Every structure is written in C-alpha cells, then in structure tokens.
Amino acid sequence: MIRIMSLLDAFESGKNLCAYCEQEQITMAEAMIRREIAMGELSRDQILAEMKKNLDVMREAIRRGLEEHVESVSRLSGGEAMRLFRYAKYEPFSGGNTCRAAASAMAVVEVNAAMGQIVAAPTAGASGILPGVLLECGIKRNWTDEQLVQGLFCAGAVGLLFAQNATISGADGGCQAETGVGSAMASAAIVELSGGTPEQALDAAAMTIKNILGLVCDPVAGLVECPCIKRNALGAANALLCADMTLCGITSLIPFDEVVAAMLAVGHDMRKEYRETAMGGLAATPTGKAVAAKVRRFQEYEKNNATF
C-alpha cells in the first residue's frame, strides 16, 4: 500500500486519494473535510455548516425551478424543467427517478439563467447535475441532510482532482469539463453514499467522463441556456447510470487518473470554436446565428430603454 506522507499529497491524484482513504480507513468525504480543516481557519462544525448552506441553496433552486415559472433574461428558457418533472409520473421511458433527477437538474440551470441563486458545482453551466442527482436520490433512499452533506464533500473531492489535474472550464476543455465533471462528481457521491469504496466512486466518475469524452462547449448566443440546460439533464442520467454500473460490480478499464489526463488532452486538441466561444457547433447553425442576432437586438433595446 502506498504511504501518503501528508494529507495534501493525497489530492495529487485519484490513486493517492484512494491510498490515503485506505490508510486512514475513511471515506473520500472525510478526506475532503480534513483537507478543508488543514487549509483553512474554520472548525469541523463550521465547515459542515457552510456545506449545509450550499445544500439549502441547491434545494431551493430546485424548488423554485419546479414550482415557479422562471424565465431567463433573454427569454430563451424557462418552464421546461417543470414540464419534464410533471411528465415523470407517467411511466417515462427513462424511469421516474432518472426523469425527476434530470428535471431537477434543468430546474437549477433555468434558475441560474433567470439570475437566481445557485451553487456552481463545478460551474454555473453545470450547476444542476449534482443537486438534481443527489437530492432526488436522497428522497428515494431517505438520506438525511447530514448524509447529503457528506455526499457534497465527496463530490468536492472529485471536482478538486479534475481541477488540479485537468480543467473544469468550458473555455479550456469544452463541455466535457463542465457537465462531464458535474456528472462525475454526482456519480461518485451517490456511489459513496450507497456504501461504495473510494475506488468504486472514482470508477463511476471515470465512466461518466468516458461516456461524453470530447463534448464541445457551444452556447447559442454565448448564453448558458442552449444547449446547457438540456445537457444538465443528460448529465444527471449519465451520473445515475454510471453509479448503477459501478454498484453492480462493473469497473472502468481505464483508471480514473488516465481518464482525467485523456480529457485534458482532448480538450486542448479542440479548436477554439468548440470551447465556449459561441463560434462553432450549435451556435454556428443558421438557427443559432438567428437566435444570437435576436438576443443582441433585445439587449440593445433593453440598454436604450433602461431607466435609472
């Protein structure tokens, strides 16, 4: 077994983190909590309380997106999450739990587009996947808020590994680095909360990235709405499926750390048009360009008619 000399060394790679957790007989969530204590000035209770605030914001964003009619400033999005959530009770092909998690994920990003409060996890554009998956699974499994907070710390540990060894920026690595990492964080969290080992949690994270490796970031009109909102729905489904595959004993042939390295390499190989510039992909389609022009006219109108 690898001996980790310090807690901070544990987060240099997934391999090191698993070894540290085995050495200390702890979860990834606990390792992340210890790291926060070591690097900051807050006590354990204060750190847990801060994460509970994040959970509360996530829950409220889902509630607002599913119960209130939210509309984005651009008028391009709003109300679709509510529609999908209502549809979930009619035996959807994707399954009720998956459909509700996807709707909850969409709800958060719709609230974000309407200038509401969300938690960027890991980014605003991918902010719906983790809360949508975690809170819907929490309802299904009767997880307490204390357990859900542990899930958020586990997700944070996975997000940190990506941030340190690859990227969580669409401008740097495409949407695989945003909704992909969001899916990885969510999948790992529910695996660990379901009793999975750190190795299994990272297997789930690796599979979520493998499923969408190379996904471009091509926001129409440069806004975090199309295709971002629906990609959060896809990210939720991806996270749930990869968690199920892991919990039934399926493993990732390519280790987590190598998947992270591959994601970074693929992201850097992408042309700039596919990295959040709104110059390629869906943003460059005739409809995408027409929408962008319409948004620009609307913004100009708002600017010219603003009152102070």
Anything in the stretch 274-308 that is in contact with an Asp or Glu (Cβ under 8 Å, 6 or more places away or on another chain) and either over 25 Å from L215 (Cα atoms) or surrounded by fewer than 15 Cβ atoms within 10 Å (Cβ to Cβ) (or both)? List them, or say none. M279
Under 9 Å by Cβ, and 6 or more places apart or on different chains, what pairs join a residue from the stretch 1-27 that is within 17 Å of A163 (Cα to Cα) with one that is modelled with pLDDT of 95 or more and hydroxyl-bearing (S, T, Y)? D9/Y20; A10/Y20; F11/Y20
Restricted to the stretch 190-214, and to residues that are without any contact (Cβ under 8 Å) to a residue 60 or more places away in the chain and touching a Gly at 6+ places or on another chain (Cβ under 6 Å), which residue is farthest from Q150 (Cα to Cα)? I212
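Among the candidates A101, A155, A105, A114, which residue alone is over 21 Å from S194 (Cα atoms), modelled with pLDDT of 95 or more and either of a type outside the set (V, I, T) or within 11 Å of the chain's Cα centre (by Cα) (or both)?
On the way: A101 fails: over 21 Å from S194 (Cα atoms); A155 fails: over 21 Å from S194 (Cα atoms); A105 fails: over 21 Å from S194 (Cα atoms).
From the options A101, A155, A105, A114, the qualifying one is A114.
Is it true that some residue in the stretch 7-17 is hydrophobic (A, V, I, L, M, F, W, C), exposed (fewer than 15 other Cβ atoms within 10 Å of the Cβ) and outside any helix (DSSP H, G or I)?
no
Name the single residue, out of those in the stretch 38-48 being out of contact with any Leu (no Cβ under 9 Å at 6 or more places or on another chain) and assigned to a helix (DSSP H, G or I), that is surrounded by the most Cβ atoms within 10 Å (Cβ to Cβ).
So the first thing to find is which residues in the stretch 38-48 are out of contact with any Leu (no Cβ under 9 Å at 6 or more places or on another chain), and the list is 40-48.
Still in the list and also assigned to a helix (DSSP H, G or I): 44-48.
Details: R44: 11, D45: 8, Q46: 13, I47: 19, L48: 16.
Top of the filtered list is I47.
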Within the stretch 152-165, identify whether any single residue is surrounded by fewer than 24 Cβ atoms within 10 Å (Cβ to Cβ), touching a Gly at 6+ places or on another chain (Cβ under 8 Å) and under 23 Å from K52 (Cβ atoms), and answer yes or no. no
In the stretch 85-105, the residues that are out of contact with any Ser or Thr (no Cβ under 9 Å at 6 or more places or on another chain) and either farther than 12 Å from E136 by Cβ or among the basic types (K, R) (or both): R86, Y87, K89, Y90, E91, F93, S94, R100
Just name the residue that is surrounded by the most Cβ atoms within 10 Å (Cβ to Cβ) out of those in the stretch 63-121 that are among the hydrophobic types (A, V, I, L, M, F, W, C) and free of Cβ contacts under 8 Å to residues at least 24 places away in the same chain. C99
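The values are calculated or read from the model by the stated rules, or taken from the named source; none is laboratory data. Predicted model, so just to flag it, every value in this text is computed and none were measured. Note that we place each Cβ from the backbone using ideal geometry, even for glycine, and neighbour counts take in every protein chain shown.
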